[in-house]
Amino acid sequence: MRNMVSQGAQRLEPSLIRTVLDRAAALRAEGHNVIPFSAGEPNFNTPSPIKAAAQKAIEENYTHYTSNRGLPGLRAIIAKMMERTTGMSYDPETEILVTSSGAEALNNAIHAFVGEGDEVIIPTPAFVSYKNLVKFTGATVVEVPLSPKECFRLDAKAIEAKITPKSKMIILNNPNNPSGAVYTREDLEAVAKLAVEHDLLVLSDEMYSRLVYDGAEFVSVTSLPGMRERAIVVSGFSKSYAMTGWRLGYLIADKALIAPMLKVHQYSTTCSPTFIQKGLVDSLEDPQTEKEVQDMLAAFAQRRQTILAGLEQIPGLTPITPRGAFYVTVDVSATGMNGMDFANKLLEEKFVATVPAIAFDGDTANLIRISYAASDEDIQEGLKRLNAFVKGLKG
Ligand SMILES: Cc1ncc(COP(=O)(O)O)c(C=O)c1O
């Protein structure tokens, strides 16, 4: 048979994260206690009011289609959340689109605006989906590697150097997966200015906007001059509400930008599961939901301190201080290994699963990514094993 695989699908690369997760699962199946420093997934459970409300919604037969845009009540709450966190006002009728996950939101945004002949600028390291979704459309990925020495600070000058007449979109992830960088207002303003000058769209993935530490300020690029008409926000409930398996996300943008994304959404998912949407409408504003979310956020802040303090005690490992999300990148070059060899050996010998940061591209060959969305016990045990592993290398 001829090769029937589409050009787009042929361009997709298998994810290194998957490779690590599969190997970790295989080791677990052999009976090993594998420390999960690899997955971007909170170890917490979904807040109890959300679970109860979604079950009730099923009982009450919220099991039919909703509007393609999502339940009006949920769109209204998302608009309120956006206004509270960024000061930006969006019309729930026309400027919010409920999607089945942040992943779907990214897919809609990229397919609605990017195609063959376009260039898309991605500061790296960056979440693996961006590059692959862009490649799928036939557009060209233009990487802008940020500097680990500057804690992956957003570099407008480096972005400017990569702008050509074919540039269409800049993809920002703030706070960043994998680096944990939180972009400053000043750096975002410089990038926003470029977007206006060169008439570019900015796709802003703000999935981790509630997870910031050390007094870092989260600034949505939408709130900067000239950006409301050209910025598209992607976010969702997976990370800050511990709802990774529910698959619910959203897009926020000016109504002229939502319209083409609505078309992509309409022909791919139609609408997100109705009982999940209804469950969220009935529980998001419950004080108990917010309390459980706040408890999780406080736990992440504590775990971040624990992991950074622990890593700093291990000679040969240099953590690059993150200000957001629940990841830390660690320079392992002083051990004589690169990130890939270190992560593989660590997994095989000590059963600690981390991700070689090269999976996220950029200037990361010497780095691994540790996710500290793991339990306190796993963090303590993982640090112990890391210490023993590095000591063993020297011996
Ligand atoms: C930066 C970023 N954006 C989007 C997503 C997708 O989230 P979901 O599809 O679970 O909503 C992830 C998940 O890891 C992420 O790290």
Ser48 is checked against (1) surrounded by fewer than 21 Cβ atoms within 10 Å (Cβ to Cβ); (2) small (Gly, Ala, Ser); (3) under 11 Å from Tyr250 (Cα atoms) and fails just one. What number does that condition carry? (3)
Within the bounds of region 176-183, is there any residue that is within 16 Å of the ligand (Cβ to nearest atom), touching a helix residue (DSSP H, G or I) at 6+ places or on another chain (Cβ under 6 Å) and not hydrophobic (A, V, I, L, M, F, W, C)? yes
Which condition from (1) over 22 Å from Val234 (Cβ atoms); (2) among the β-branched types (Val, Ile, Thr); (3) in a loop (DSSP other than H, G, I, E, B) is the one that Thr66 breaks? (1)
Are there any pairs, at least 6 apart or on different chains, whose C-beta atoms fall under 6 Å, with the first in region 161-185 and in contact (Cβ under 8 Å) with a residue 12 or more places away in the chain and the second away from the ligand (no atom under 13 Å from the Cβ) and small (Gly, Ala, Ser), and if so, which? Pro178/Ala357; Val182/Ala216
Checking the condition in contact with a helix residue (DSSP H, G or I) (Cβ under 7 Å, 6 or more places away or on another chain), more than 16 Å from Ala256 (Cα to Cα) and of a type in the set (A, V, I, L, M), which residue from Ala103, Ala79, Ala109 passes? Ala103
Note on region 296-331: residues within 17 Å of the chain's Cα centre (by Cα) and either surrounded by fewer than 19 Cβ atoms within 10 Å (Cβ to Cβ) or free of Cβ contacts under 8 Å to residues at least 60 places away in the same chain (or both) are Leu297
Can you list residue pairs whose Cβ atoms sit under 9 Å apart, with the first residue in region 234-245 being under 12 Å from Ile50 (Cβ atoms) and the second being part of a strand (DSSP E or B) and more than 7 Å from the ligand (Cβ to nearest atom)? Count only pairs 6 or more apart in sequence or on different chains. Phe237/Tyr250
Please pick out the residue among Thr289, Thr269 that is more than 16 Å from the ligand (Cβ to nearest atom) and not charged (D, E, K, R). Thr289
Number of the exception - Phe152 against (1) hydrophobic (A, V, I, L, M, F, W, C); (2) within 17 Å of Leu203 (Cβ to Cβ); (3) within 16 Å of the ligand (Cβ to nearest atom): (2)
Can you name the condition, by its number, that Leu347 falls short on among (1) over 21 Å from the mean Cα position of the chain (by Cα); (2) of a type in the set (A, V, I, L, M, F, W, C); (3) within 29 Å of Arg210 (Cα to Cα)? (3)
Residues being closer than 15 Å to Gly279 by Cβ and surrounded by 18 or more Cβ atoms within 10 Å (Cβ to Cβ): count how many of those fall in region 62-74. 5
Condition check for Val293: touching a residue at least 24 places away in the same chain (Cβ under 8 Å) and either in contact with a Gly (Cβ under 7 Å, 6 or more places away or on another chain) or more than 24 Å from Tyr208 (Cα to Cα) (or both): no
Counting only residues that are in a helix (DSSP H, G or I), within 23 Å of the chain's Cα centre (by Cα) and of a type outside the set (Gly, Ala, Ser), how many does region 22-50 have? 3
Kindly indicate whether Ile314 is outside any helix (DSSP H, G or I) and under 28 Å from Gly31 (Cβ atoms). yes
Output the number of the condition that Tyr183 fails; it satisfies all remaining conditions of (1) surrounded by fewer than 24 Cβ atoms within 10 Å (Cβ to Cβ); (2) in a loop (DSSP other than H, G, I, E, B). (1)
Residue list for region 87-103, restricted to those being within 16 Å of the ligand (Cβ to nearest atom) and of a type in the set (Ser, Thr, Tyr): Thr99, Ser100, Ser101
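The numbers here are math on the coordinates, done by the rules we state, and not lab data. Quantities reported herein were computed from a predicted structural model and do not represent experimental measurements. Neighbour counts are summed over all protein chains in view; Cβ atoms, including those assigned to glycine, are modelled from backbone coordinates with ideal geometry.
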